[in-house]
1. Just one of Glu103, Glu2 is modelled with pLDDT under 95, surrounded by fewer than 17 Cβ atoms within 10 Å (Cβ to Cβ) and either on the phi > 0 side of the Ramachandran plot or not small (Gly, Ala, Ser) (or both); which is it?
2. Take Lys97 and decide whether it is under 21 Å from Ala162 (Cβ atoms), charged (D, E, K, R) and in contact with a helix residue (DSSP H, G or I) (Cβ under 9 Å, 6 or more places away or on another chain).
3. For the list (1) of a type outside the set (A, V, I, L, M, F, W, C); (2) assigned to a helix (DSSP H, G or I); (3) within 12 Å of the chain's Cα centre (by Cα), I need the number of the one condition that Glu105 fails.
4. Residues being out of contact with any Asp or Glu (no Cβ under 7 Å at 6 or more places or on another chain) and more than 14 Å from the ligand (Cβ to nearest atom): count how many of those fall in the range 130-143.
5. Look at the range 84-100 and say how many of its residues are surrounded by 11 or more Cβ atoms within 10 Å (Cβ to Cβ), away from the ligand (no atom under 13 Å from the Cβ) and of a type in the set (D, E, K, R).
6. Hey, among the residues in the range 175-212 that are under 16 Å from Gly47 (Cβ atoms) and surrounded by fewer than 12 Cβ atoms within 10 Å (Cβ to Cβ), which one's modelled with the lowest pLDDT?
7. Within the range 58-89, count every residue that is part of a loop (DSSP other than H, G, I, E, B), within 22 Å of Arg110 (Cβ to Cβ) and hydrophobic (A, V, I, L, M, F, W, C).
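The values are calculated or read from the model by the stated rules, or taken from the named source; none is laboratory data. These figures come from a predicted structure and were not determined experimentally. Every residue, glycine as well, gets a Cβ built from its backbone with ideal geometry; the counts of neighbours run over all protein chains shown.
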Amino acid sequence: MELLARLHTILRLNRYRRIAEKQSELLIAYDKTIESWLSALDRRDKGTEDHTNRVTQMTLKFAQAAGFRDEELADIRRGTLLHDMGKLGIPDSILLKEDKLTEEEWQVMRLHPVYAYQWLSSIEFLLPALDIPYCHHERWDGSGYPRGLIGAEIPLAARLFAVVDVWDALLSDRPYRKAWSGKDAIKYIEDQAGKHFDPQVVHEYLKMIIEY
Ligand SMILES: [Fe+2]
């Protein structure tokens, strides 16, 4: 009887171990799928992958300092990698246009967070990662898109990411302008506290940048 009970325990433990192994294999497969989507986007919109990898590292560091737990950081990582996924739905004539966009073209461009939400929200595994793809263009003062959320209505992960995303964009060369200096970028971010960005988030971010 004792031997049988021990055998049952061993079999049960083996079953749990196999389930855990399958789950971690699935997680790896999901994450590899996300990275492939990112490469697909980079094929169309050159330089996306480098920018995304930089902002992912920075956002994770910032979110960790802000007290997010490990499981939440995994979702933030996925959300950051996928933040501009919706741009796959924007026509080349708009996405790759070198001149300024017209108002009609901006209306199309502003749909990219909505596309990301529509495509990804049917994947249960990605639901907790959607705050950044859906809300990264919202602004603290309510003038952002797609929903015009105001202040703390904007999920915290998206408020953190918004600062990092703009910071990285300012410090990078663009076809129409050279990269800004760190000093000018800090001034701009400070100036946007309470307008584009959550003032508390700006305070914490600049503290991190200066210590960095
Ligand atoms: Fe975007």
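1. Glu2
2. No.
3. Unmet condition: (3).
4. 3
5. 1
6. Only one residue tops the list, namely Pro175.
7. Residues meeting the conditions: 1.
Here is a yes/no grid of residues against (1) more than 14 Å from Gly79 (Cα to Cα); (2) of a type outside the set (Ser, Thr, Tyr); (3) assigned to a loop (DSSP other than H, G, I, E, B); (4) more than 11 Å from the ligand (Cβ to nearest atom):
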position: Trp119; (1), (2), (3), (4): no, yes, no, yes
position: Ser122; (1), (2), (3), (4): yes, no, yes, yes
position: Phe125; (1), (2), (3), (4): no, yes, no, yes
position: Pro128; (1), (2), (3), (4): no, yes, no, yes
position: Tyr145; (1), (2), (3), (4): yes, no, yes, no
